[in-house]
1. Residues of segment 226-240 being of a type in the set (A, V, I, L, M, F, W, C) and over 17 Å from Leu10 (Cβ atoms), which ones?
2. Tell me whether segment 224-242 contains one or more residues that are within 28 Å of Glu280 (Cβ to Cβ), modelled with pLDDT under 85 and in a loop (DSSP other than H, G, I, E, B).
3. Say we look at segment 93-133 and pick out the residues that are buried (at least 19 other Cβ atoms within 10 Å of the Cβ) and of a type in the set (Ser, Thr, Tyr); which of these is nearest to Arg180 (Cα to Cα)?
4. Tell me which residues, restricted to segment 242-262, are surrounded by fewer than 19 Cβ atoms within 10 Å (Cβ to Cβ) and without any contact (Cβ under 8 Å) to a residue 60 or more places away in the chain.
5. May I ask you to list the residues in segment 88-129 that are in a helix (DSSP H, G or I) and under 26 Å from the mean Cα position of the chain (by Cα)?
6. If you scan segment 255-288, which residues turn out to be charged (D, E, K, R) and either at pLDDT below 95 or not in a helix (DSSP H, G or I) (or both)?
7. Output the number of the condition that Ile35 fails; it satisfies all remaining conditions of (1) open to solvent by 30 Å² or more (accessible area, probe 1.4 Å); (2) on the phi < 0 side of the Ramachandran plot.
8. Residue under question is Ile74, and the condition is that it be surrounded by fewer than 23 Cβ atoms within 10 Å (Cβ to Cβ) and either in a loop (DSSP other than H, G, I, E, B) or within 25 Å of the chain's Cα centre (by Cα) (or both); does it hold?
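The values are calculated or read from the model by the stated rules, or taken from the named source; none is laboratory data. As the structure is a computational prediction, the values presented were derived from the model and not from experiment. When we count neighbours, we look across all protein chains shown, and the Cβ atoms used for this are built from the backbone with ideal geometry, even at glycine. These area figures cover heavy atoms from the full protein model, side chains too; ligands, DNA and RNA do not enter into them. Shrake-Rupley method; radii C 1.70, N 1.55, O 1.52, S 1.80 Å.
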Amino acid sequence: MNLVWFRNDLRIQDNPALSAAAADETSPVAALYLICSQQIDCYGIGKNQQAYLFQSLQLLHQELAKKNIPLFIIPSSTFKSVPNQIKTICEQLEVEKLYFNIEYPIDERVRDRQVVEALEETVKCFRFVGDSLVAPWLLVNGSGNGYKVFTPFSKAHANILSDMPVELSNPIKPRSSDNRLAIAKIVRKNAASQLSAEDSDEADQSDFVFITKQWLTDCCPSKLTSIEIPSSSHQQLKNQLENFCEDKIVEYSELRDFPNIDATSRISSALALGCISANECYQIARQGHNENASAWTRQLVWRDFYRSVMWHFPHVCKGQAFLDVDTAINWSHDLVALNNFKQGQTGVPIIDAAIQQLLKSGWMHNRLRMVVASYFCKNLWLDWRIGEAFFAEHLFDYDFANNNGGWQWSASVGTDASPYFRVFNPQAQQKKFDKDGEFIRQWLPSLRQVESNKIHSFETSQLDNYPKPQVDLKSSRKQAIDSFKNAKLSNENFG
């Protein structure tokens, strides 16, 4: 039997591991997903993305069922338990070949290596690239090391794509009903307790989709969040992206920074969990839009960059900054400032509006993610790791590599980091990108009747029913720059 192990690739389209497993017509094909609940909690993944994950899993099992491929969704705990658990599952299912797409963070790499080692005498393992346009090990500089700066990385990336154009995996063909019947027979023959259909919902037994009643009860998406969950449907996502390319991609570079304008594709949640592939997104954007698509496809290259950073410099996966200077910084532990920030009560309208957008929609405009992170680290002088965790708690589109890379960039401690003396001025940012105050008024009801010029004068003129700024932007910026200078000097002398 061929077993496909799904992770952050919850799709049947352009899934190289699934495509390779299904291409072998001589063996039955089954699919597996392990819900590592303790790992989810350990990573601080919030209820919004959990809801999106479970919605995506439900849709995945429906799509696989149409192909007569059963999906085993099995509770687990942490990554440490996965190797032995998969070994047991492979024994119970009489698996000869295991297929999966490579993940790049260090914990996932260690887990996968241990799985391969646990199976080396009994099961052949096949690994594929399904989460980036270009595999990170192909992107190295002249010294054979990973790139630390985006611009040379993007040039090397473009060279590889010109030599090896993006291609999609072959679509999988529906298998006959004999496929699921053969698998059900194996499960019953081996009395596979954790795969037993006796514990499954009756409606699912008929299709031999093994999802326990407890999982269906505990993981109902609507029980996790009251916020509208983004679509996981591949067809809807494809239509959404095609419509974006047809109507908006031409003006994307010009309008993408204005949060009150709907100028982005809004498929980041799907990309984060692999409900649609980066390859397919790239192809859709490039088809008929070559000249106009570069600004948008550049975001996919940034996505590859942060994955490459995690591959070549795995210490950034461990709560450590890329730059050593971070160890010499004494971040603030002001809980009052932190709580005000988390509630969107900082007294800076564009910051508070962005936080309210995050809390109430599970998403934040990308320009505002940079402004918010800069304010958090440079004005409040709070540890970037706390801000990174706050985003993970609320974002539907939480992506470890992107989130980690973005926060380190904003804190000036990451690879290709923003220079420490470059600090976003939130007042200037809101004047430039929300000149008429439309976005601010949308998310801050107390300011809906306030004129734009007064909103932008929040530092010098107290706004009614709105908090005073908790820090002075100018003096806090100067203090941050001085602190960075001292930290760099300390690091050079003693680091």
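1. Here is the first cut: in segment 226-240, the residues of a type in the set (A, V, I, L, M, F, W, C) are 227, 229, 237.
Residue satisfying the conditions is Ile227 alone.
2. no
3. Going through the qualifying residues, I end up with Tyr99.
4. Those that are surrounded by fewer than 19 Cβ atoms within 10 Å (Cβ to Cβ) and without any contact (Cβ under 8 Å) to a residue 60 or more places away in the chain: Glu242, Asn243, Glu246, Asp247, Lys248, Val250, Glu251, Ser253, Glu254, Leu255, Ile261, Asp262.
5. Applying the first criterion (in a helix (DSSP H, G or I)) to segment 88-129 yields 88-93, 106-119.
Once the filter is applied, which keeps residues that are in a helix (DSSP H, G or I) and under 26 Å from the mean Cα position of the chain (by Cα), segment 88-129 yields Ile106, Asp107, Glu108, Arg109, Val110, Arg111, Asp112, Arg113, Gln114, Val115, Val116.
6. Arg256, Asp257, Asp262, Arg266, Arg286
7. Of the numbered conditions (1) open to solvent by 30 Å² or more (accessible area, probe 1.4 Å); (2) on the phi < 0 side of the Ramachandran plot, the odd one out for Ile35 is (1).
8. Details: surrounded by fewer than 23 Cβ atoms within 10 Å (Cβ to Cβ): yes; either in a loop (DSSP other than H, G, I, E, B) or within 25 Å of the chain's Cα centre (by Cα) (or both): yes.
Yes; evaluated as a whole, the condition is true for this residue.
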